[in-house]
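The values are calculated or read from the model by the stated rules, or taken from the named source; none is laboratory data. Remember, it's a predicted structure, so these values are computed and weren't measured experimentally. Here Cβ is always computed from backbone atoms with ideal geometry, including for glycine, and neighbour counts include all displayed protein chains.
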Amino acid sequence: MKRRHVMPFGAQLTDDGRVRFRLWAPAASQVELCLEGAAPELCLPMAAEQGGWWGIITEHAAVETLYRYRIDGKLRIPDPASRFQPDDVHGPSQVIDPERRQWSDGHWNGRPWEQTVLYELHVGTFSPEGTFAGVASRLDHLVDLGVTAIELMPVADFPGTRNWGYDGVLPFAPDSCYGSPDDLKSLVEAAHSRQLMVFMDVVYNHFGPEGNYLHTYAPGFFTDRHHTPWGDAIDFEDPDSSPVRWFFIHNALYWLEEYGLDGLRLDAVHAIMDDSRPDILMDIGDAVRRTVGRQRHVHLVLENDDNAAHYLQRDGAGNPRWYDAQWNDDIHHALHVLATGEDRGYYADYADQPIDHLGRCLTEGFAFQGEASPYRDGQSRGEPTDGLPMAAFVGFVQNHDQVGNRAFGERITALASPEAVRAVTALVLLAPSPPLLFMGQEWGSHKPFPFFCDFEPELAASVTDGRRREFAAFPEFQDPHALEKIPDPMAVETFRSAVLDWDHTTQPAARQWLAFHRRLLAVRSTEIVPRLPGMRAGGRYTAHGPRALTAQWPIADRELLALHANLGPDSAELPEAGPGRCLFRSHSSGKAGRVPGWSVSCYLINQSAQR
């Protein structure tokens, strides 16, 4: 089996053995294709085409040929649609033949969304090797844990040798510090052989600050009508911006088709500014659903601080119209407040009655569905979630953002008691919503995950200063000496501090955490997941004091799934669960009606027996 996504731009092998090169450069008056790596170097003029396109088909290029484009006889640039950059973002692009690879996973059809248990990882710090092969060598650990999908933080080519991935500038090229395109495909194939799905984070809201040459020859990629935290927004609205829209639509299809990925997570789509209808997010969703999504299970997930529920709509058959789910920051924030007591920054929105915010997340999805957000100066946030299944909301206790955006990158295990962490973990893993784990969470890792990157010197100094200014207003950093203790994002030691210590998994405490996660995920797999396709709307919760609740969801054949939780250190009164089976209990049964602090129970309740 062979896989190739055909694109109207970039380097594409033709049937007669030649290579077609095509670039959108509307601001250029002359474009040349420079074939590098051979002596003498060959620079060929490209023909001007309509709409700002330039193209050439040549027999002088072949597989593995290195090339760049020369703009107006001066600036040399990599291909913005490069499939591989062996010498980083400023170097030449390489011609890749995706059909050279013979795939062995043609039987793979993906997995239904309700089976999803996501495991987010950063390729560079997940293993000592820091490569795609390093991830592949530890897939059996994840299968044994009960994970069904790995989610790779962005791998699109970024400057330097270390980065979270959200500073990528060449979105079609996996970064060479992790391996070759074939190495990534081998990881996908190895995952599929173990019944693991592979998701990838993609960034469609901005390009990184180093290595992006688009402003020079294609300024129409950007607009000053909208602004983002990274500067001018990508222009999806202009009547002449169709090449920009298709650049990102093809990127989504490329990863899903050419690499056989099972899903994408679109980063921070609230920073994508597009007032046209359908907007670019709808166009991407439509394109995926009508192509690769018709052939196998393919899933699309959003990160969206706006809680824009309309992107999660279902059709008449209950299938996602555009996106399967959204990362639910609301449930994380409510759980974090309950577990740690922190109430600053965005946690302030959840400090008042956190148990009610949590209950709404568990049974309706978002806590904020149009209500005013004090953290956002009283602005309304979110849209109603009426009619949406709980499958549309991904729950988590940790992820790269919630750990790494802290000054020191501390995990929740460094901020809350073990009892509290176990309770909130059980709640997320046993609730109907698809759960997400962050790498190392399963063994209670205390390794931090601080922000790190590797820019050129002038930009590096600016990023380091900016990182420290970001925290300067916090009381604990009023002392300049305290501020200097914040890890320098550019220092290689900051990156190394985040690399997981797999030797730690053999220690007694780590083995206990692993057993705990395996037990919960086994219950989810055998008892909860088979019932999720029959789950109906109408979940409800009841708060029992400021830190305890019960929640119930109707499932097939007059059964209810129920969670009872006391998320505080003191014991609490909770009602009896009713007739049925206990699937999980974090404590001994004890006195009827009274449960100890930091306890969670999960039940299947038989409504017929209550009649």
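Restricting the range 118-159 to residues that are within 28 Å of Ser525 (Cβ to Cβ) and in a loop (DSSP other than H, G, I, E, B) leaves a set whose member that is farthest from the chain's Cα centre (by Cα) is Ser137. Close contacts from the range 503-516, counting a first residue that is over 11 Å from Arg422 (Cβ atoms) and a second that is of a type in the set (S, T, N, Q), with Cβ to Cβ under 9 Å and a gap of 6+ residues or different chains, come to His504/Ser445; Thr505/Ser445; Ala510/Ser445; Arg511/Thr505; Leu514/Thr505. When you scan the range 462-477, do you find a residue that is at pLDDT 95 or above, on the phi < 0 side of the Ramachandran plot and either crowded, with 18+ Cβ neighbours inside 10 Å or within 19 Å of the chain's Cα centre (by Cα) (or both), even just one? Taking every residue of the range 462-477 in turn, none turns out to be at pLDDT 95 or above, on the phi < 0 side of the Ramachandran plot and either crowded, with 18+ Cβ neighbours inside 10 Å or within 19 Å of the chain's Cα centre (by Cα) (or both). Can you find, within the range 102-151, the residue that is farthest from Arg194 (Cα to Cα) among those that are among the charged types (D, E, K, R) and modelled with pLDDT of 95 or more? Per the criteria, the residue is Glu129.
Here is the figure for the range 331-383: residues that are on the phi > 0 side of the Ramachandran plot and either polar (S, T, N, Q) or outside any helix (DSSP H, G or I) (or both) total 7. Tell me, yes or no, whether the range 384-391 has at least one residue that is at negative phi, part of a helix (DSSP H, G or I) and surrounded by fewer than 24 Cβ atoms within 10 Å (Cβ to Cβ). The answer is yes, given that some residue of the range 384-391 is at negative phi, part of a helix (DSSP H, G or I) and surrounded by fewer than 24 Cβ atoms within 10 Å (Cβ to Cβ).
Restricting attention to the range 564-588 and to residues that are of a type in the set (A, V, I, L, M, F, W, C) and out of contact with any helix residue (DSSP H, G or I) (no Cβ under 6 Å at 6 or more places or on another chain), the residue that is farthest from Pro418 (Cα to Cα) turns out to be Ala577.
For every residue, the table says whether it meets (1) under 19 Å from the mean Cα position of the chain (by Cα); (2) acidic (Asp, Glu).
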residue	(1), (2)
Gly359	no, no
Gly370	no, no
Asp386	no, yes
Gln398	yes, no
Ser417	no, no
Ala426	no, no
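One line per residue, one yes/no per condition, for (1) at pLDDT 95 or above; (2) touching a strand residue (DSSP E or B) at 6+ places or on another chain (Cβ under 6 Å); (3) closer than 27 Å to Ile96 by Cα:
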{"site": "Val244", "(1), (2), (3)": "yes, no, yes"}
{"site": "Asp275", "(1), (2), (3)": "no, no, no"}
{"site": "Asp286", "(1), (2), (3)": "yes, no, no"}
{"site": "Val292", "(1), (2), (3)": "yes, no, yes"}
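Based on what the data block shows, is Tyr178 aromatic (Phe, Trp, Tyr), within 27 Å of Arg70 (Cβ to Cβ) and out of contact with any His (no Cβ under 7 Å at 6 or more places or on another chain)? If you could, list the steps in order and put the result at the bottom.
Details: aromatic (Phe, Trp, Tyr): yes; within 27 Å of Arg70 (Cβ to Cβ): no; out of contact with any His (no Cβ under 7 Å at 6 or more places or on another chain): yes.
No, not satisfied.
Checking every residue in the range 494-506 against the condition of being exposed (fewer than 12 other Cβ atoms within 10 Å of the Cβ), in contact with a Pro (Cβ under 8 Å, 6 or more places away or on another chain) and among the small types (Gly, Ala, Ser) gives zero matches. You will find that of Ala426, Ala431, the residue that is in contact with a Ser or Thr (Cβ under 8 Å, 6 or more places away or on another chain), among the hydrophobic types (A, V, I, L, M, F, W, C) and crowded, with 24+ Cβ neighbours inside 10 Å is Ala426 and no other.
Taking the range 5-56 as the range and being out of contact with any Leu (no Cβ under 9 Å at 6 or more places or on another chain), within 20 Å of Phe247 (Cα to Cα), surrounded by 14 or more Cβ atoms within 10 Å (Cβ to Cβ) and not aliphatic (A, V, I, L, M) as the test, the residues that pass are Pro8, Gln12, Arg22, Trp24, Pro26, Gly52. When the residues of the range 569-584 are narrowed to those that are touching a strand residue (DSSP E or B) at 6+ places or on another chain (Cβ under 7 Å) and under 16 Å from Val424 (Cβ atoms), which ends up surrounded by the fewest Cβ atoms within 10 Å (Cβ to Cβ)? Taking the candidates together, the pick is Phe584.
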